[in-house]
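Participant: Quick one: structure below, then a few questions.
The values are calculated or read from the model by the stated rules, or taken from the named source; none is laboratory data. Quick caveat, the model's predicted, so the values are computed rather than measured. Here Cβ is always computed from backbone atoms with ideal geometry, including for glycine, and neighbour counts include all displayed protein chains. Just so you know, the surface numbers come from the protein's heavy atoms only, side chains and all, with ligands and any DNA or RNA stripped out. Shrake-Rupley method; radii C 1.70, N 1.55, O 1.52, S 1.80 Å.
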Amino acid sequence: MEDVPQIGYSKKVMDHFMNPRNVGSIENPDGVGRVGNPVCGDLMEVSIRVEDGIITDVKFKTFGCGSAIATASMVTELATGKTLEEADRITRQDVADELEGLPPRKMHCSNLAADALHKAIEDYRERHAETAE
Ligand code: FES
């Protein structure tokens, strides 16, 4: 990794970009969120497994840039083991802080994963409301 120019990215961003965690999609997920980035047109999908109100597994797929990959990887780590309420409160700023910062012009990329996670939680709640009726 020493040979890769970092161009203003922290080591943590580069680590999550080069070795992204939780890539893929969960089979028969409890919730799925898909969002597009209005700034660049890139896409993100996050799927979640929920057991007793706790997110036990999170996976992502993206047509996004390196920052989108790194932030999504970090979001999956932050959300795993959290309650739905806690995961709902994860912001793009939390993600950027955990990654030790993103260049300002790449902050729009960090919206994707947090927004897709929130949508997956919304999807879970909608499915759950339907089955509860
Ligand atoms: Fe599109 Fe980063 S440039 S998500």
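Participant: Would you please give the residues with an amide H less than 5 Å from that of Cys65, counting only those at least 5 places away or on a separate chain, with H modeled from the backbone geometry?
Facilitator: For Cys65, no residues qualify.
Participant: Hey, any idea what % of the stretch 70-119's accessible area is carbon plus sulfur with a 1.4 Å probe?
Facilitator: Solvent-exposed carbon and sulfur of the stretch 70-119 make up 45 percent of the total.
Participant: Roughly speaking, what is the stretch gain from Glu85 to Met107, that is 0.36 nm per residue apart minus the C-alpha to C-alpha distance, in nm to one decimal?
Facilitator: 5.5 nm
Participant: Using a cut-off of 25 Å between alpha-carbon atoms, which lysines can reach Lys12, once sequence neighbours fewer than 8 places away in the same chain are excluded?
Facilitator: Lys59, Lys61, Lys82, Lys106
Participant: A follow-up question, please. Tell me, in nm to one decimal, what length is gained between Glu27 and His128 on full extension, where the rule is 0.36 nm per residue of separation less the Cα-Cα distance?
Facilitator: The span from Glu27 to His128 would gain 34.6 nm if fully extended.
Participant: Calculate, for Glu100 and Glu51, the FRET efficiency according to 1/(1 + (r/R0)^6) with r their C-beta to C-beta distance and R0 22 Å; round to the nearest 0.05.
Facilitator: So the FRET efficiency works out to roughly 0.10.
Participant: Something else now. Would you mind working out the accessible area per residue for the stretch 4-133, using a 1.4 Å probe, and quoting it in Å²?
Facilitator: Using a 1.4 Å probe on heavy atoms only, each residue of the stretch 4-133 averages 52 Å².
Participant: What is the set of long-range amide H partners of Ile26 at a cut-off below 5 Å, with H atoms built 1.01 Å from backbone N?
Facilitator: Answer set, sorted by chain and number: Ser47, Lys59.
Participant: Per the Cauchy relation, a quarter of the hull surface: what is the mean projected area of the convex hull of the alpha carbons in the chain, in nm²?
Facilitator: Projected over every direction and averaged, the Cα hull of the chain covers 7.9 nm².
Participant: Next up: Taking amide H positions as placed 1.01 Å from N in the peptide plane, with prolines and chain starts having none, which residues 5 or more places from Lys82, or on another chain, fall under 5 Å of its amide H?
Facilitator: Excluding prolines and chain starts, which carry no amide H, the hits are Ile55.
Participant: Find how much the distance from Cys65 to Cys40 grows on full extension, using 0.36 nm per residue of separation minus their present alpha carbon separation; answer in nm with one decimal.
Facilitator: 8.0 nm
Participant: Same structure, new question: With the contact rule set at Cα under 8 Å and sequence spacing of 6 or more, what percent relative contact order holds for the chain?
Facilitator: 31 percent
Participant: So, one more: For the chain, take the longest principal axis of its alpha carbons; what is the angle in degrees between that and the long axis of helix 109-132, to the nearest 10 within 0 to 90?
Facilitator: Roughly 10 degrees between the two axes.
Participant: Another one. What is the Cα centroid distance between the stretch 28-53 and the stretch 74-93, reported in whole angstrom?
Facilitator: Here the two parts' Cα centres lie 13 Å apart.
Participant: Could you check the simple spin-label distance between Glu77 and Asn19, using points 7 Å along Cα→Cβ, in nm with one decimal?
Facilitator: 1.0 nm
Participant: While we're here: HN-Hα J couplings of the stretch 11-27 from phi, Karplus 6.51/-1.76/1.60, θ = phi - 60°, integer Hz, Gly and Pro as x?
Facilitator: Taking θ as phi minus 60°, the curve returns 4, 5, 4, 4, 5, 6, 6, 6, 10, x, 8, 6, 7, x, 9, 7, 6 Hz for the stretch 11-27.
Participant: Ignoring everything except DSSP H segments at least 4 long, calculate the 222 nm mean residue ellipticity for the chain; use -39,500 (n - 2.57) per segment, divide by total residues, nearest 500.
Facilitator: Dividing the helical sum by the residues of the chain leaves -13500 deg cm²/dmol.
Participant: Take every Cα pair under 8 Å in the stretch 70-133 that's 6+ residues apart, average their separations, divide by the length, and report that relative contact order as a whole percent.
Facilitator: Dividing the mean separation by the residue count of the stretch 70-133 yields 41 percent.
Participant: What list of ³J(HN,Hα) values in whole Hz, one per residue of the stretch 45-57 in order, does the Karplus curve 6.51 cos²θ - 1.76 cosθ + 1.60 (θ = phi - 60°) give from phi, with Gly and Pro shown as x?
Facilitator: For the stretch 45-57, the Karplus curve yields 10, 10, 10, 10, 10, 10, 10, 6, x, 10, 7, 9, 8 Hz.
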